[in-house]
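In what follows, a structure is listed as structure tokens, so that the remarks can point back to it.
No lab work stands behind these numbers, since they all come straight from the coordinates. Here the structure is a predicted model, which means the values were calculated and not measured. So basically every Cβ, Gly included, is an ideal-geometry build from the backbone, and we count neighbours across all protein chains shown.
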Amino acid sequence: MTTSSRTGERKRVPAGADADTSSSVNAKHPSLSERLPEMTDFKLNAYRASAARIGADPAHPKNSAARRAIPMIAAELQRRSSTPAK
């Protein structure tokens with residue numbers, strides 16, 4: 001990329017023919033049930049609190065997704081509490 005001296009903005013330079021221009025934006029993301037076991041306890045509890053807050057607000061655009069996530073989060077927390085520590 002080069003910098004324009006007049007505006008200070010960067011100009012886009014086309015990628016070469018052999019450049020890897022694949023993007024993870026279009027890649028399929030793992031489902032929530034696949035992501036939950038990989039979350040740390042801290043992240044899982046934060047996600048539970050966020051889902052509860054969003055699920056309690058019917059006007060929130062992600063209300064239905066949060067309400068669907070709450071039982072899955074609870075099940076993962078239950079699984080972790082019943083699994084003996086290593």
If you rank Arg67, Arg53, Arg12 by fewest surrounding Cβ atoms within 10 Å, what's the result? Arg12, Arg53, Arg67
Neighbours of Ile54 by Cβ distance under 14 Å: Lys/Arg at +1, Asp/Glu at -1, summed charge +4
Do you know the relative contact order of the stretch 29-86, to the nearest whole percent, from alpha carbon pairs under 8 angstrom that are 6+ apart? 31 percent
Difference of contour (0.36 nm per residue) and Cα-Cα distance, Met72 to Leu32: 13.6 nm
Length gained if Thr40 through Ser82 is fully extended, taking 0.36 nm per residue and subtracting the Cα-Cα distance, is 13.5 nm
Cα gyration tensor shape for the stretch 45-86, rounded if a/c is under 1.5, else prolate or oblate: prolate
What does the charge add up to near Leu77, with Lys and Arg as +1, Asp and Glu as -1, over the other residues with Cβ less than 15 Å from its Cβ? +2
So what's the net charge close to Ala66: Lys and Arg +1, Asp and Glu -1, counting the other residues with Cβ under 13 Å from its Cβ? +4
